[in-house]
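Asks: The following block contains the structure, expressed as structure tokens.
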Amino acid sequence: VHASVHPLTVVITGSPGLTGRSSNHHSQRMNGRVYFVYILASDIGGTLYIGVTNNLVRRVYEHKEKLVKGFTKRYGVVRLVYFEQFAEIGAAIQREHRLKKWKRSWKIDLIEQHNPNWDDLYLSIAAP
């Protein structure tokens, strides 16, 4: 597995909407499918949620509009603060599971390495 770092995201390659299309050129692949592991936060240093999807724009929109029942709706966890892209669903699911087992401080360090201001990255991936 090789990782390349984008200023706001990590793109992982290996054996990798309701409101519009992705404007991130890294999210389009010749074979058609990409998968994302993403981290949402309620606020800077707030509650974190880790998920996996094949359509990051749609899925974050669903969280923001409270269309997803459960944890993110209950705790207002809607700020996209980090994501990684994968070519294979198995690798994405494996990464999601590993991140969920990380200590909270490691997750915060990961976010702050790539997004020190905890900016909402949704605007950078959703086309107007």
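The values are calculated or read from the model by the stated rules, or taken from the named source; none is laboratory data. Here the structure is a predicted model, which means the values were calculated and not measured. Only protein heavy atoms, including side chains, enter the accessible area calculation; ligands, DNA and RNA are left aside. Shrake-Rupley method; radii C 1.70, N 1.55, O 1.52, S 1.80 Å.
Asks: How much accessible area does K100 have with a 1.4 Å probe, in Å² rounded to the nearest 10?
Replies: Per-residue accessible area (K100): approximately 100 Å².
Asks: Per residue of the range 91-101, what does 6.51 cos²θ - 1.76 cosθ + 1.60 with θ = phi - 60° give for ³J(HN,Hα)? Whole Hz please, x for Gly and Pro, Karplus curve as stated.
Replies: Per-residue couplings from phi come out as 5, 5, 5, 4, 5, 4, 4, 5, 4, 5, 8 Hz.
Asks: Rolling a 1.4 Å sphere over the protein heavy atoms, what is the accessible area per residue of the range 32-128, to the nearest Å²? Please report the intermediate quantities before stating the final value.
Replies: On the way: 4940 Å² over 97 residues.
Per residue, the range 32-128 has 51 Å² of solvent-accessible surface.
Asks: Grab the Cα-Cα distance for S42 and K66, subtract it from 0.36 nm times how many residues apart they are, and report the gain in nm with one decimal. Show your work: numbers first, answer last.
Replies: Working: separation 24, 0.36 × 24 = 8.64 nm, distance 1.29 nm.
Full-extension gain reported as 7.4 nm.
Asks: In sequence order, what are the phi-derived ³J(HN,Hα) couplings for the range 39-55 according to the Karplus relation 6.51 cos²θ - 1.76 cosθ + 1.60 with θ = phi - 60°, rounded to whole Hz, with x for glycine and proline?
Replies: Once rounded to whole Hz, the list reads 10, 9, 9, 7, 5, 4, x, x, 5, 10, 9, 10, x, 9, 7, 9, 9.
Asks: Still on this model: Taking amide H atoms as placed 1.01 Å from N in the peptide plane, list the residues 5 or more away in sequence, or in a different chain, whose amide H sits under 5 Å from that of Y82.
Replies: I39
Asks: Taking the alpha-carbon distance from K64 and a cut-off under 17 Å, which aspartates and glutamates remain once sequence neighbours fewer than 8 residues away in the same chain are dropped?
Replies: Correct list for K64: D43, D119, D120.
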